[in-house]
2 protein chains.
Amino acid sequence: MLSKTAQYALRAVIYLAGGSGAPVPAAEVAAGLEVPPNYLSKILHTLSRAGVVESERGPGGGYRLARPADRIPIADVVGEFEPLAPGGGCLLGFASCPGEHPCPAHERWQRVSEPIAAFFRETMVSELLESSGAVAPTVHA
Amino acid sequence: MLSKTAQYALRAVIYLAGGSGAPVPAAEVAAGLEVPPNYLSKILHTLSRAGVVESERGPGGGYRLARPADRIPIADVVGEFEPLAPGGGCLLGFASCPGEHPCPAHERWQRVSEPIAAFFRETMVSELLESSGAVAPTVHA
DNA sequence: CATAAATATCATATGATCATGGGGAAATCA
DNA sequence: TGATTTCCCCATGATCATATGATATTTATG
């Protein structure tokens, strides 16, 4: 459903949200999540450019959330790595589907896919916190 | 949303459903859909093994639907090329999510993702037929 | 200034998906 | 039988997402 990259990103943000707020080195996040360090580093960098996390360099530095966890919709995290196209996509891959003759599936598909988009928009990172299966996970789907 | 392969498959089945019922050569379907012939051939073969379409060889042969279009859920078509995981997947990629400590997202996610699965199960190929002149230059007067 | 800690970036390997090409094998008909 | 039409199958390349490795750059501190 979600790419591994997006999953790693989500879990990394959740990891940061579960901490004290002090900068956490990427290596520590990677170790906690059991994810390749270099790969996670790249992901965190992307999230940094996206304004979801902030980075601080040098000793004592690391990554921290750029905003409180209850103000970060998971769409902001996932959207950096997946299309997350809200209503744009046609099931059949036609670019000009919603033109003169939208395929009959179009309306039904949107009626069903819109809640998905809403879920990503309205679910905040903070809501994924408790139950901490997120911090010390049993990985490998 | 759907891979190109799955989209090609769907469109091919729709193309067949729009015809008279007589076998249609794969080359014709490929031409009608503007899809690489050999690639589509492979896709049709997969659908044939899956029991969605039937093939007939020799002159006058080709592919035709194995059942009436209103009895072919699009899940049967798409499912051959995509996981279509029916609610089994955890958003965060945790294998043991629905165990002792399902992540809080889990329930909300399933509540939102189940309709997607239902959409694929309950939408029949026949419902994607009319309009969509982009798919087939359907002859029906 | 020198050193170590940390991010930032470049380069490359891997696997899946996407796409193409060509050589059969089976069925039909003359 | 022989020729045509069509499916069937295998091999190859292109492209992208995924993943890893090595190096450069920035920053704090002694």
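The values are calculated or read from the model by the stated rules, or taken from the named source; none is laboratory data. On a predicted model such as this, the values are computed, not experimentally measured, just so you know. Cβ placement follows ideal geometry from the backbone for every residue including glycine, while neighbour counts extend to all protein chains displayed.
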Pick from the stretch A:13-52 the residues that are among the aliphatic types (A, V, I, L, M) and part of a loop (DSSP other than H, G, I, E, B): which of them is nearest to DNA strand D (Cβ to nearest atom)?
-> A:Val35
Within the stretch B:76-83, is even one residue away from DNA strand C (no atom under 16 Å from the Cβ) and more than 16 Å from B:Gln7 (Cα to Cα)?
-> no
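Among the residues of the stretch A:53-71, is there at least one that is part of a loop (DSSP other than H, G, I, E, B), under 25 Å from A:Ala117 (Cβ atoms) and in contact (Cβ under 8 Å) with a residue 24 or more places away in the chain? Break it down into steps so the answer makes sense when it comes.
Of all residues in the stretch A:53-71, those part of a loop (DSSP other than H, G, I, E, B) come to A:57-61, A:66-68.
With under 25 Å from A:Ala117 (Cβ atoms) added as a condition, the list becomes A:66-68.
From the residues that got through so far, the ones that are in contact (Cβ under 8 Å) with a residue 24 or more places away in the chain too are A:68.
Within the stretch A:53-71, one or more residues are part of a loop (DSSP other than H, G, I, E, B), under 25 Å from A:Ala117 (Cβ atoms) and in contact (Cβ under 8 Å) with a residue 24 or more places away in the chain.
Being within 12 Å of chain B (Cβ to nearest Cβ) and modelled with pLDDT of 75 or more is the filter here; which residues of the stretch A:71-90 pass it?
Of everything in the stretch A:71-90, those that are within 12 Å of chain B (Cβ to nearest Cβ) and modelled with pLDDT of 75 or more turn out to be A:Ile74, A:Val77, A:Val78, A:Glu82, A:Pro83, A:Leu84.
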Among the residues of the stretch B:35-49, is there at least one that is more than 15 Å from the chain's Cα centre (by Cα), at pLDDT below 95 and away from DNA strand C (no atom under 16 Å from the Cβ)?
-> no
Can you spot a residue in the stretch A:94-113 that is modelled with pLDDT of 85 or more, in contact with a Pro (Cβ under 7 Å, 6 or more places away or on another chain) and assigned to a helix (DSSP H, G or I)?
-> yes
